[in-house]
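The values are calculated or read from the model by the stated rules, or taken from the named source; none is laboratory data. Remember, predicted model here, so these are calculated numbers, not experimental data. Positions of Cβ are generated from backbone atoms using ideal geometry, with glycine treated the same way; all protein chains shown enter the neighbour counts. When the accessible area is computed, the model is the full protein with side chains, heavy atoms only, and any ligands, DNA or RNA have been set aside. Shrake-Rupley method; radii C 1.70, N 1.55, O 1.52, S 1.80 Å.
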Amino acid sequence: MTIITLKGSPINTIGSLPARGSQAPDFTLTKTDLGEVHLKNFIGRPILLNIFPSLDTSTCAAAMKQFNEIAAKHSDVLFLCVSADLPFAQQRFCSAEHLSNVVPVSTFRHPSFGKDYGVLMMDGPIAGLLSRAVVVIDKTGKVSYTEQVGEIADEPDYGKVEGML
């Protein structure tokens, strides 16, 4: 379990992020066209998982826009933006904001992602959503970088993340 905060109030996650150097847990997530993506389908290509509670918050929206800009400079890396938002809302947001370099995916049909990656929030006012985290997975499927953002209202350290790509 990891303790993070929301505006200073403690919140517990179900676990911890996968360890650096470990094999990333496989996952199934839902794309905006309602198709599914699996980690195993992308072995051979680096993946960045931008994990967050909901696009309906200013911090999450800002992070998704920033990762879209970073993704434009790293076309070899697949940027998956993971939340529990419905795929329809994710598509609407990306269309309205002209985001085309990131791939929004949802846990709505596959809640095991939050447990497997240790990011499911267990208590507090937004229990059941995902915490804000970044996981970079290398071409072989191993975790090469993780960041669990300690305060949900804060954005990830983009400089460190980009340095790991």
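Sub-6 Å Cβ pairs linking a first residue in region 111-139 that is surrounded by fewer than 23 Cβ atoms within 10 Å (Cβ to Cβ) to a second residue that is modelled with pLDDT under 95 and not in a loop (DSSP other than H, G, I, E, B), at least 6 apart or interchain, are 124/6, ordered by first then second residue.
It is to be established whether one or more residues within region 74-92 are touching a Pro at 6+ places or on another chain (Cβ under 6 Å) and either aromatic (Phe, Trp, Tyr) or closer than 25 Å to residue 6 by Cβ (or both). So far as region 74-92 goes, yes, one or more of its residues are touching a Pro at 6+ places or on another chain (Cβ under 6 Å) and either aromatic (Phe, Trp, Tyr) or closer than 25 Å to residue 6 by Cβ (or both). For region 139-151, a tally of residues being among the hydrophobic types (A, V, I, L, M, F, W, C) and part of a strand (DSSP E or B) returns 1. Being among the basic types (Lys, Arg) and free of Cβ contacts under 8 Å to residues at least 40 places away in the same chain: is that true of residue 65 here? Spelling it out, residue 65 is indeed among the basic types (Lys, Arg) and free of Cβ contacts under 8 Å to residues at least 40 places away in the same chain. The condition (being open to solvent by less than 40 Å² (accessible area, probe 1.4 Å), out of contact with any Cys (no Cβ under 8 Å at 6 or more places or on another chain) and assigned to a strand (DSSP E or B)) is satisfied by just one residue among 55, 29: 29.
Determine whether residue 89 is touching a helix residue (DSSP H, G or I) at 6+ places or on another chain (Cβ under 9 Å), in a helix (DSSP H, G or I) and more than 23 Å from residue 140 (Cα to Cα). Against the criterion (touching a helix residue (DSSP H, G or I) at 6+ places or on another chain (Cβ under 9 Å), in a helix (DSSP H, G or I) and more than 23 Å from residue 140 (Cα to Cα)), residue 89 does not qualify.
The number of residues in region 60-85 that are outside any helix (DSSP H, G or I) and surrounded by 14 or more Cβ atoms within 10 Å (Cβ to Cβ) comes to 10. When residues in region 1-14 are screened for being open to solvent by less than 50 Å² (accessible area, probe 1.4 Å) and either in a strand (DSSP E or B) or at pLDDT 95 or above (or both), 6 of them pass.
Would region 103-115 turn up any residue that is assigned to a loop (DSSP other than H, G, I, E, B) and more than 21 Å from residue 89 (Cβ to Cβ)? Looking for residues that are assigned to a loop (DSSP other than H, G, I, E, B) and more than 21 Å from residue 89 (Cβ to Cβ), one finds none in region 103-115, hence no. Mind telling me which of the residues 144, 106 ends up being at pLDDT 95 or above, open to solvent by less than 10 Å² (accessible area, probe 1.4 Å) and among the hydroxyl-bearing types (Ser, Thr, Tyr)? From the options 144, 106, the qualifying one is 106. In the set (1) part of a loop (DSSP other than H, G, I, E, B); (2) closer than 25 Å to residue 21 by Cβ; (3) open to solvent by 60 Å² or more (accessible area, probe 1.4 Å); (4) in contact (Cβ under 8 Å) with a residue 40 or more places away in the chain, the condition left unmet by residue 154 is number (2).
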